[in-house]
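To start, the structure under review is shown below, and the notes come after it.
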Amino acid sequence: MNILLDDTSTIILTIGIIAVVIIFLAIFFSFIPLRLWIAARASSVKVGIFQLVGMRIRKVVPARIVNPLIKATKAGLNVSINKLEAHYLAGGNVDRVINALIAAQRAGIPLDFEQSCAIDLAGRDVLNAVQMSVNPKVIETPVIAAVAMDGIELRAKAKVTVRANIDRLVGGAGEETIIARVGEGIVTTVGSALSHKAVLENPDSISQTVLNKGLDAGTAFEILSIDIADIDVGRNVGAQLQIDQAEADKRIAQAKAEERRAMAVAQEQENIAEVQGMRARVIEAEAEVPRALAAAFREGRLGVMDYYNMQNIISDTEMRNAISKAGKDGPEKKG
């Protein structure tokens, strides 16, 4: 019975030891990338176990440092593991930096590790920049409208071939600046042309004029060529402006004429009111005549015979006026 108990205890102890060893090995291999260390040693990359442990402690993924280091070593680049880790901790993309360095080396483009890291940390794709230095990129501008001196609008679209300038990638302007400057150059060139026909006959003059302005200054690119892909005739802006000016002059003339008419109507109304006022005063004065005659009769200053004589004079005057008027109208009727 005691022998059975001893065997059972031994088995349980053995199982416990095996479990502890398995757990320890699992933790050890999960914390220490042994396979990565073996791959590095096989690639002649000097990386110690304690360096990998240190990366784990510093919360650095060892594969993102060791794999690019293996790639750089195979490409013949002399890169320090500490610099790669420092760039990773700064938030950079180590693999993209190494790929850019390898591509630059193969293309014969001068690019060192520090410059590549600076470009990457500046937020630009350093690998894409190297590829663009080898294979230039074509930027197509939107339709740009410009008006020549004869008033005819031209609508042009340009294609700008650019190559990345590695030395100006940090702090240099981007594609939007290139497009804006090319558009400004096209507007200036077309606007200074005496006739739109001259521009249509020689669109290359736009390209040469714009290209000679040095539009790539301060940008991250080098402009290789500017080609006018399409140019069309738009509106007759000069004629439209003349029509608008004539319409404005017409409205101004109508407003002034309306003002004069209103002043004339007001003056006529004023004259009518003045005439009516004079007539009212005449009627009022005529109404005073009978009163004056009555007062004269009452006061004895006017007799009956005097009144009759005055009436005869008035009648005689009216008769003479009628005869005179009839004499004037007679010849007209005969004629």
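The values are calculated or read from the model by the stated rules, or taken from the named source; none is laboratory data. What you are looking at is a predicted structure, and each value in this text was computed from that prediction instead of being measured. Protein only, heavy atoms only, side chains kept; ligands, DNA and RNA dropped before computing areas. Shrake-Rupley method; radii C 1.70, N 1.55, O 1.52, S 1.80 Å.
Accessible area of segment 209-299 with a 1.4 Å probe: how many percent of it is carbon plus sulfur? Of all accessible area on segment 209-299, carbon and sulfur atoms account for 54 percent. For segment 105-170, the equivalent ellipsoid built from the Cα gyration tensor has semi-axes of 37, 12, 9 Å, listed from largest to smallest.
Sorted by accessible area with a 1.4 angstrom probe, largest first, how do 317, 177, 219 fall?
My answer, sorted largest first, is 317, 177, 219.
Could you check how many percent of all C-alpha pairs in segment 74-128 are farther apart than 18 Å? Of all Cα-Cα pairs in segment 74-128, 23 percent lie more than 18 Å apart.
Give the ranking of 324, 195 by solvent-accessible surface, highest area first, calculated with a 1.4 Å probe.
Details: 324 60, 195 35 Å².
Descending accessible area places them as 324, 195.
Kirkwood Rh over Cα pairs of segment 125-209 into Stokes-Einstein at 37 °C, 0.692 mPa s: D in µm²/s? Once the numbers are plugged in, D ends up at 230 µm²/s. Solvent exposure of the chain, expressed per residue, is 66 Å² of accessible area, with all protein chains present and a 1.4 angstrom probe. Of the whole protein surface, residue 111 contributes about 30 Å² of accessible area at a 1.4 Å probe radius. Direction-averaged projected area, Cα convex hull, segment 56-212: 11.0 nm², rounded to one decimal. Using every pair of separate Cα atoms, the Kirkwood estimate puts the hydrodynamic radius of the chain at 32.0 angstrom. A probe of 1.4 angstrom, applied to the heavy atoms of all protein chains, finds residue 251 with accessible area near 150 square angstrom. Residue pairs exceeding 21 angstrom between C-alpha atoms, taken from 83/137; 197/250; 46/71: 83/137; 197/250. For residue 224, the residues whose amide H sits under 5 Å from its own are 161, 162, 163, ignoring neighbours fewer than 5 places away on the same chain, with H placed 1.01 Å from N. Shape summary: segment 119-273 maps onto an equivalent ellipsoid whose semi-axes, from the alpha-carbon gyration tensor, are 55, 19, 10 Å in decreasing order. Across segment 154-165, computed HN-Hα scalar couplings (Karplus, 6.51 cos²θ - 1.76 cosθ + 1.60, θ = phi - 60°) run 10, 10, 10, 10, 10, 10, 10, 9, 10, 10, 5, 9 Hz from first to last residue, x flagging Gly and Pro.
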